[in-house]
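Structure record follows, encoded as structure tokens.
The values are calculated or read from the model by the stated rules, or taken from the named source; none is laboratory data. Small disclaimer: the values here were computed from a predicted structure and weren't measured. Don't worry about glycine lacking a Cβ; one is built from the backbone with ideal geometry, like all the others, and counts go over all protein chains shown. Note: accessible area is taken over every heavy atom of the protein model, side chains too, but ligands, DNA and RNA are not part of it. Shrake-Rupley method; radii C 1.70, N 1.55, O 1.52, S 1.80 Å.
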Amino acid sequence: MSVVAVAVVIAAVVVLLLRTNQLKVGSAVVCILLGLVLGATPAGPAINDAVNGAGAWLWAQVTEL
């Protein structure tokens, strides 16, 4: 659940940046591809652990509201 929370927050930020013309669609696609490639490298498990930890923290903050 925590990785999903982080993904939702990042997606919301990307949508906000696209709507305010701070980020172009091409740049967003490149960022998505970079994330996919990083996930496939040996650094993938460490990145997944970091995102999972951030998601767990975010979920804990939301459930305290």
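Quick notes on this structure:
- Across the chain, the relative contact order, built from alpha-carbon pairs under 8 Å that are at least six residues apart, equals 60 percent.
- Span from the segment 1-35 Cα centroid across to the segment 38-65 one, whole angstrom: 16 Å
- Those residues of segment 49-65 whose amide nitrogen sits under 14 Å from the label point placed on LEU23, 7 Å along Cα→Cβ: none
- Protein accessible area in the chain, 1.4 Å probe - carbon and sulfur %: 75 percent
- The residues of the chain expose, per residue, 76 Å² of accessible area to a 1.4 Å probe.
- Shown for the chain are the DSSP H helices of 15 Å or more along their axis, judged by Cα atoms, with a mean Kyte-Doolittle hydropathy of at least 1.0: 2-19, 25-40.
- Taking amide H positions as modeled 1.01 Å from N, with prolines and chain starts lacking one, the residues under 5 Å from LEU23 and 5 or more places away or on another chain are LEU18.
- The calculated Kirkwood hydrodynamic radius for the chain is 12.9 Å, given to one decimal from all distinct C-alpha pairs.
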